[in-house]
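A.B. asks: Sharing a structure below in structure tokens format, with a few things to ask.
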């Protein structure tokens, strides 16, 4: 399967957000990645429902919404109503992950869970049948522009083996310090969806960079 690129708009110019979304619509990007942070689960704040809704009104690509928040169950239906197509919650933030994932699917979204760098992917084994995707954080969640954690290669390989053993169609997404220098190695390890922010939006030609990343 051809790998997918999910540009993270956290690194985009929010004063020109409409232009950014139009560029992504024209580009070879597969998803638009939105990082939602509450300042509690991670030490940073981003944006909420009004911005998601405005992005959805312009976007022609599915919205890949990553919740870095506490008590995500309180807001699942509101994220659906705001336009999330694929919703990622954190393993570390959920009291009853099975219930949360079941609710996400019942609401009509694709289900995903993320794990922090220190969390062993083994904890996800009981949930693979409920997961459309797993997001492996390859930096500490909360801020863009961090350096890639090299042990993430082994983590992706381990999860890929677990998915093969379980026989589920679960996809692996990676986020954090991903770019031209490590995308191919991550793909070989088993990842197929790549969240990329800095490399795209700091480029002089973001659309061209997306095209280049898709061609790797």
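A.B. asks: Determine whether region 13-36 contains at least one residue that is more than 23 Å from residue 213 (Cα to Cα), buried (at least 17 other Cβ atoms within 10 Å of the Cβ) and touching a strand residue (DSSP E or B) at 6+ places or on another chain (Cβ under 6 Å).
C.D. replies: Taking every residue of region 13-36 in turn, at least one turns out to be more than 23 Å from residue 213 (Cα to Cα), buried (at least 17 other Cβ atoms within 10 Å of the Cβ) and touching a strand residue (DSSP E or B) at 6+ places or on another chain (Cβ under 6 Å).
A.B. asks: Show the residue pairs meeting these rules: Cβ distance below 6 Å; 6+ apart or different chains; first residue within region 74-85 and within 18 Å of residue 58 (Cβ to Cβ); second residue part of a loop (DSSP other than H, G, I, E, B).
C.D. replies: Pairs that qualify, where the first residue is within 18 Å of residue 58 (Cβ to Cβ) and the partner is part of a loop (DSSP other than H, G, I, E, B), are 84/109; 85/62.
A.B. asks: Answer yes or no as to whether residue 135 is under 18 Å from residue 3 (Cβ atoms), in contact with a strand residue (DSSP E or B) (Cβ under 7 Å, 6 or more places away or on another chain) and not in a strand (DSSP E or B).
C.D. replies: The answer is no for residue 135.
A.B. asks: Still on this structure: Spot the failing condition for residue 19; the list is (1) over 21 Å from residue 172 (Cα atoms); (2) in contact with a helix residue (DSSP H, G or I) (Cβ under 9 Å, 6 or more places away or on another chain); (3) at pLDDT 95 or above, and only one is missed.
C.D. replies: (2)
A.B. asks: Same structure, new question: For region 140-173, what are the residues that are in a helix (DSSP H, G or I) and loosely packed, with under 12 Cβ neighbours inside 10 Å?
C.D. replies: Once the filter is applied, which keeps residues that are in a helix (DSSP H, G or I) and loosely packed, with under 12 Cβ neighbours inside 10 Å, region 140-173 yields 154, 164, 165.
A.B. asks: So which strands (runs of 3 or more DSSP E) are wholly in region 57-124 and hold at least 3 residues that are under 19 Å from residue 159 (Cα atoms) and at pLDDT 95 or above?
C.D. replies: 86-90, 110-115
A.B. asks: For the list (1) surrounded by 22 or more Cβ atoms within 10 Å (Cβ to Cβ); (2) under 29 Å from residue 207 (Cα atoms); (3) touching a helix residue (DSSP H, G or I) at 6+ places or on another chain (Cβ under 8 Å), I need the number of the one condition that residue 131 fails.
C.D. replies: (2)
A.B. asks: Residue under question is residue 142, and the condition is that it be closer than 30 Å to residue 13 by Cβ and touching a residue at least 60 places away in the same chain (Cβ under 8 Å); does it hold?
C.D. replies: Against the criterion (closer than 30 Å to residue 13 by Cβ and touching a residue at least 60 places away in the same chain (Cβ under 8 Å)), residue 142 qualifies.
A.B. asks: Follow-up question, since we're still on this one. Inside region 184-210, can you point out the residues that are crowded, with 20+ Cβ neighbours inside 10 Å and touching a strand residue (DSSP E or B) at 6+ places or on another chain (Cβ under 7 Å)?
C.D. replies: Answer for region 184-210, where residues must be crowded, with 20+ Cβ neighbours inside 10 Å and touching a strand residue (DSSP E or B) at 6+ places or on another chain (Cβ under 7 Å): 186, 190, 191, 193, 194, 195, 196, 197, 200, 210.
A.B. asks: If you scan region 191-216, which residues turn out to be under 22 Å from residue 140 (Cβ atoms) and in a loop (DSSP other than H, G, I, E, B)?
C.D. replies: Passing the criteria: 191, 197, 202.
A.B. asks: For residues that are in contact (Cβ under 8 Å) with a residue 60 or more places away in the chain and in contact with a helix residue (DSSP H, G or I) (Cβ under 8 Å, 6 or more places away or on another chain), tally how many sit in region 190-208.
C.D. replies: Counting residues in region 190-208 that are in contact (Cβ under 8 Å) with a residue 60 or more places away in the chain and in contact with a helix residue (DSSP H, G or I) (Cβ under 8 Å, 6 or more places away or on another chain) gives 10.
The values are calculated or read from the model by the stated rules, or taken from the named source; none is laboratory data. Everything quoted here is computed from the prediction, not taken from an experiment. Cβ sites come from the backbone with ideal geometry, for glycine too, and all protein chains shown count toward neighbours.
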